[in-house]
Structures are given as C-alpha cells and as structure tokens.
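Some notes on the structure that comes next.
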Amino acid sequence: MASVNEITGDDSSNTLQGTSDADLIYGFDPNGSTASVSSIATIRVAAGLDQPVAAVAAPGDTDHLFIVERTGQIQALDLGTGTTSTFLDVSSTITTEGEGGLLGLAFDPGYPQNGFFYVNVTNAADDTEIRRYQVSSGNPLAAEAASRFDIIAVDQPAGLTNHKGGWLSFGPDGQLYVPLGGGGPDGHAQNPQSLLGKILMSAPEIGCSLIGGAGAAADKWYRFGLQAVASRGPTSWLAFPCRA
C-alpha cells in the first residue's frame, strides 16, 4: 500500500486541510482522550433540502459543501452561515421516476483551474447520462447550465425505474469512475456485453463524448465488474487505481 500522510486533530475544535497526496485524516487524536467514545453527537448544518442524496466538497474550497438533491438541484451550503444557494438546476432535463433523478456529483481534480464537474442523472428518457458542466467564471457558487457536455448515455430497461446506481467519483489515479446499477432485472451485471452492473472508467482530460456513436472514444472507456458473481450491480463503492 502506498504511504499516506496522517493528519490528526487535537481533541478540540479543528479545521483540518488535506493535501494533494494521499491523506488519512482523523478529526481527533487517535492516541488522545477521545480515542474511545461512548456516544456520538450530531449537529444539523443544513435544513430545507429536497431529497438530498450526496454531499461533496470541491477541491480548493473549504468553506462550502455541495449537496445533491435527487429532484434536480445542487445546493451550495455555506459552512459558516448554514445558508444554501442553488449551484445548478437540471430539473427540467431529468426524470425522477422510481430511483432516478440527479444522483451523483464529482468535481474534477483540476477544478480550481478548469472549473469542471460531472453529474450522474437519469435523463428525460429515464436512461443514465453522465454530463460535464463548468462553474461560472464570475461566480464560484453558480454553474453555467449552457456549459453542459454529454459524456455518455446508457440505456436502462424500458418500464423499470429501479437499480440506477448513481454514484461517481475520481480515483487517486485521476480517472473518473462511474458505477452503474443493474437496471432492475437480473442478468445485466453478469452480461459482459452490457454496461449495466459495471464500473466504467475514463480519463477526463480526453474531453470526448460517446453520445451519437462510440467511434475512437470507446477506446478511452473501460468497464470493470464481478460479472460471475454480481447479482444487482454496484451502488456505492471505493475508488482504487487500476488500468484496463
């Protein structure tokens, strides 16, 4: 296992900043007085959200948390004031039938420089779609809806609205990983010809799209899956560096 930087708190109120390398962050001192606890307290940091499914931090921004609402909006939460503002609204371009909707968000590792981020949605046809957007050049808390770039669309079984998966994230290798659910019926995860029930990987710097035909871009996407034993497909997962 590659070496990691261990960053620890001191059993009081801390703000801990990670690095660009592999970090293991403890919000307390694992060798201190709070290493063994008998209870955990929770603090509400936001209210009034509509079906939140994920909360993601943007690289370089320690003041905000970006909350994904299944109904189609991403809210920027100010961690200092607890107020929220709409970062992106795609509600008019998606469906929320069954387990669909706006399901995942991943910020590009180069976000402070390029402003790119990616979302996982079920589009108006109820098929999975991965899109790239870009933050506004004049407002770091607003995305440019017109910057939409469709990366890939994957057909979902007609008439079925469950097992969409939805998560996506960048691994420590800088690759974008997209786990897809099995689409409802058994069989897709075990079928090597189906993208459902697999984990897709792409190098985001290629800036290619598979919409309208694979072509040479197909060589830039790889699929992974436990096809012999998977029954439903991945839902949440741990990213790890790998190559096809």
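Kirkwood analysis of the Cα pair distances in the range 57-112 returns a hydrodynamic radius of 12.2 Å. Going from the residue with the fewest nearby Cβ atoms within 10 Å to the one with the most, Ser20, Ser91, Ser38 rank Ser38, Ser20, Ser91. Here the range 1-139 has an Rg and Dmax of 17.8, 54 Å, counting Cα atoms alone.
Taking Lys and Arg as +1 and Asp and Glu as -1, the other residues whose beta-carbon sits under 12 Å from that of Gly159 total -2. Across q = 0.12, 0.14, 0.18 Å⁻¹, the range 57-175 modelled as identical point scatterers on its alpha-carbon atoms has Debye log10 I(q)/I(0) values of -0.42, -0.57, -0.92, in the order of the q list. Length, then width, then depth: along the principal axes, the Cα atoms of the range 1-41 run 32, 23, 16 Å.
If only the Cβ of Lys and Arg carry +1 and only the Cβ of Asp and Glu carry -1, the dipole of the range 45-224 around its Cα centre is close to 280 debye. Counting other Cβ atoms within 10 Å as a rough exposure proxy, the listed residues Thr96, Thr62, Thr19 run Thr19, Thr62, Thr96 from fewest neighbours to most.
Subtracting the Cα-Cα distance of Thr93 and Ser13 from 0.36 nm times their residue separation leaves 24.6 nm of extension gain. Ordering Glu6, Glu97 by the number of other Cβ atoms within 10 Å of each residue's own Cβ, fewest first, gives Glu6, Glu97. Remark: the range 22-122 carries a charge dipole of roughly 140 debye about the Cα centre, counting +1 on each Lys and Arg Cβ and -1 on each Asp and Glu Cβ.
Computed from the coordinates by the stated procedures, all read-outs in this text should not be read as laboratory data. Since the structure is predicted, the reported quantities are computational estimates derived from the model, not experimental observations. Counting neighbours? That spans all protein chains shown, and the Cβs are built from the backbone with ideal geometry, glycine included.
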